[in-house]
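Data first, discussion second: the structure below is written as C-alpha cells.
The values are calculated or read from the model by the stated rules, or taken from the named source; none is laboratory data. What you are looking at is a predicted structure, and each value in this text was computed from that prediction instead of being measured. Neighbour counts run over all protein chains shown; Cβ positions are idealised from the backbone, glycine included. To get the accessible areas, we keep the full protein, side chains included, count just its heavy atoms, and leave off ligands, DNA and RNA. Shrake-Rupley method; radii C 1.70, N 1.55, O 1.52, S 1.80 Å.
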Amino acid sequence: MNSEATFYGVLLGVEVTTFSIIAAASFVYLQVIYGQFSYRYARLLLGHWSLIVCIIMGVLTLVFTTSFFLSNSFPNIRTPFVKLQRPIEPLNWPTTLITTFFITLICFGIYIIRNFSILTPGGLAKKYLRKLRDERILYHLAGRYELLEPDAFIFSAGPLGLMNLSELIGEELSEGEINKRNFIKKEYEEHLEDNQKKYELLMKTAKKQPDYLTPVRALALRQILNLDEGALQQILAEIELVADSGFAYAISHRSEGWNTTYRMEENLLEELSELYNRLFEGCIQSKFEAGLISIIESSLRLVFSATQSNRSINPKPLLLFWRNAAETIIGSFRSTFFSIMKAFDSYGMKCIETDNGATEELFRGMGWIGSRLLERLGLEEKPRMFNPDYSNEFDEYFEILLGFSSAYDNQYPSMYPLLYFDAVQITIGKLVTLPNANNDYRIEEILYDCANVFASFMRKAAKVGNGKGAELAAMRLHETLDEYRANNLEKSASQVVALIVQSAFKVNKYQESLGRQHFGSEPLTDRLVNWFISDPDRDTVKAQIFECFIRSNYSHEGIWKFVKSLGVRMDTNFNLMFDENTGEDYAEDDPRRR
C-alpha cells in the first residue's frame, strides 16, 4: 500500500470515529428531547445551522476520503470522484479534506456549545420558549379566538353615517355634500377592502399555527412529576419572558386601525392562565407544594408585568386563577393558600392605587374565597392564650381583608369602595350563620372589626368631603346592624349602635362640606341620628352619647349644641348641665347644677 493510500486510510479511520461520536452526541440530544417532548419536536435541535453545516461537510469529506482511499488502495477500482483529482494537483486534495474535516469539527463544537444547556434542568424549556418570542404565538391566538372582522361597522358612524341618516329623514343634499359623500364612501370602501385582505391573510396564517405552549406544558408537568422545583422555576421564568414579549408586541400595535393584536394581550393572558391552571393541578396531584407556591409567585410577577403603566392590561384571567386555586386547596395546602392571599394583598394595593378596572374582580374573588372558606372549615376554635406564631387560613384571609380597610382610610378616603364593602358584607353574612356565633368571643371580635370597616371609612370620607363614600359606608353599617339583629346577635348589634353614635359625632363636624346628599333626602348626620334615636336599645345609645361627648373634650363648639339637640329629641340630658325640654344650659344658680 503506497503512502497516499495510507494517508487516506488513516484520515478515513479518524473521520469514521469522529462522525460516530457526532452521531452518538446527536442521538443523546434527541433522547433528551424525546424524554421531555417527543421526536416531532426534534426540529428544535436538528434545525441549528451548525449541525446542518457539520453534516454537509462531514458527508462530503467522508465520501471523498473513501473514494480516494479505494482508488489508491485498489488501482483497478475507478470511482467517479477520482476524475476530480486530475485537474488539481494531488497534494491539494489531502489539504482540502483536512480543512473540511476541521471545519466539520468546528461546527460540531459550536453545535455542542450552543445546545449543551438543554442537558441542564429547564434548559430545553429556555431553548424552546425563546422561539415563541415573536408574532407566531400571537397569530395562533388570533386564530383560536377568531377576532372580529375589522371595520365591520365602519359605515354606521362618522361623516358617511351622518350623511346616510340625512337621506333617511328626507333632507335634501346639496351638490357639494353629494360630492363629499361620494368621496368619503370611496375612501372608506378602499380602506375596508385593503383591511379585509389583511384580515383574511391573518386568519389564514393563524389557522396553520399550532398551540406553541403545548410542549411547554408537557415539559413543566414532567418536572412536576420529578418534584424538580429548580427546573420548574426556570420554565416559569421563561414563560414570563414569552408573555412579556407578547405584551410588548401587542401594545406596540394597538394604534393600528385593523391590527392583528386586537384584544391579543387579553387572549394571551387567557392562554397563560389556562397553562398555570394545568400546572397547578399537576402539583396538587403530585402533592408538590413547593411547585404550587412557585406557580403562584410566577403568576403574580406576570400580573405586575401586564399592569405596567405603559400597558394597563386587565389581568382578570389570572385573578380568576387565584380565586379558583385558593378554593381548590382550602384545608389541604395551607402555605400555598397563604401565598395566594399575599398575591391578592400585593396586587390589591396596586389595584387601589391605580384604579385600573381590576379592583372589581379582585374583591369579588376575595369575597368568594372568604365565603367558601367559612363554608368548608368554619371558624377554628382556638385557646384563649394568644399565640402570635400560629395562624390558619381564615386568620390570613381576614388580616388581608382588613388591610385594605387601612389603605382606603389612610390613603384613598376619596374613593368609592363598593366592591370592597361587598366582600366584607359577604364575610359578615357567613359569620352570623355559624352555629356558635352567639357565644364565641372570636366571632364577636371579627364581627365588630367588620362593622368598624364601614364606620371608620365613613369618618375619613366625611373629613375629605367624599359624600358618596360616606353615605355608602353609612348604608352598609345600618345593613350590618339589621344583619346582627336578624340573627339574634344582641351584643354585636349593641356594638354597631355604638359605632353609629360615634360616627354621627364625627360626621357632624363635616356636614357642611359634604354638600348635597346622593342617596337620600336628609343630611347624613340626620340619618344617623334618626337611626340610633329609633333604636330600642336606648340605654346603649345614651351611654355612648355621654362617652362621645366626654371624649370630645369640648374641642368643637358644635359638639355641645349637637348633644343638646339630641337630648331634646330623646327627652334626656344624658346627666349633663342642660334642660332636656328646652335645650337651654342651666343657669349658674340653678339648683340642678348641684
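Select from the range 342-373 the residues that are open to solvent by 10 Å² or more (accessible area, probe 1.4 Å) and modelled with pLDDT of 90 or more and write down the one among them that is farthest from Ile428 (Cα to Cα).
The selected residue is Ser346.
So which of Glu238, Glu281 is of a type in the set (Asp, Glu), open to solvent by 30 Å² or more (accessible area, probe 1.4 Å) and at pLDDT 80 or above?
Going through Glu238, Glu281 in turn, just one is of a type in the set (Asp, Glu), open to solvent by 30 Å² or more (accessible area, probe 1.4 Å) and at pLDDT 80 or above: Glu281.
For Gly465, all conditions in the list (1) touching a residue at least 12 places away in the same chain (Cβ under 8 Å); (2) in a helix (DSSP H, G or I) hold save one; what is the number of the exception?
The failed condition is (2).
Report the residue count in the range 382-405 for those that are of a type outside the set (S, T, N, Q) and either at pLDDT 90 or above or under 23 Å from Thr328 (Cα atoms) (or both).
13
Which condition number does Glu229 fail, the rest of (1) open to solvent by 50 Å² or more (accessible area, probe 1.4 Å); (2) farther than 15 Å from Ser294 by Cα; (3) at pLDDT 80 or above being met?
Against the list (1) open to solvent by 50 Å² or more (accessible area, probe 1.4 Å); (2) farther than 15 Å from Ser294 by Cα; (3) at pLDDT 80 or above, Glu229 comes up short only on (2).
The conditions are (1) modelled with pLDDT of 60 or more; (2) outside any helix (DSSP H, G or I); (3) charged (D, E, K, R), and Arg78 fails exactly one of them. Which is it?
With respect to (1) modelled with pLDDT of 60 or more; (2) outside any helix (DSSP H, G or I); (3) charged (D, E, K, R), Arg78 is out only on (1).
Spot the failing condition for Leu447; the list is (1) open to solvent by 10 Å² or more (accessible area, probe 1.4 Å); (2) in contact (Cβ under 8 Å) with a residue 24 or more places away in the chain, and only one is missed.
Tallying (1) open to solvent by 10 Å² or more (accessible area, probe 1.4 Å); (2) in contact (Cβ under 8 Å) with a residue 24 or more places away in the chain, Leu447 fails exactly one: (1).
Yes/no matrix, rows are residues, columns are (1) farther than 15 Å from Met366 by Cβ; (2) out of contact with any helix residue (DSSP H, G or I) (no Cβ under 9 Å at 6 or more places or on another chain); (3) in contact (Cβ under 8 Å) with a residue 60 or more places away in the chain; (4) open to solvent by less than 10 Å² (accessible area, probe 1.4 Å):
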{"position": "Glu380", "(1), (2), (3), (4)": "yes, no, no, no"}
{"position": "Met385", "(1), (2), (3), (4)": "yes, yes, no, no"}
{"position": "Tyr390", "(1), (2), (3), (4)": "yes, yes, no, no"}
{"position": "Gly403", "(1), (2), (3), (4)": "no, no, no, no"}
{"position": "Asp422", "(1), (2), (3), (4)": "no, no, no, no"}
{"position": "Leu434", "(1), (2), (3), (4)": "yes, no, yes, no"}
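Answer yes if at least one residue in the range 459-468 is more than 10 Å from Ser414 (Cα to Cα) and among the hydrophobic types (A, V, I, L, M, F, W, C), and no otherwise.
Scanning the range 459-468, I find no residue that is more than 10 Å from Ser414 (Cα to Cα) and among the hydrophobic types (A, V, I, L, M, F, W, C), so the answer is no.
Residue by residue through the range 284-295, note down the ones that are open to solvent by 10 Å² or more (accessible area, probe 1.4 Å) and part of a helix (DSSP H, G or I).
Scanning the range 284-295 gives Ile284, Gln285, Glu289, Ala290, Ile293.
Could you grab me the full set of residues in the range 412-423 that are under 23 Å from the mean Cα position of the chain (by Cα) and not hydrophobic (A, V, I, L, M, F, W, C)?
Across the range 412-423, the qualifying residues are Tyr412, Tyr416, Pro417, Tyr420, Asp422.
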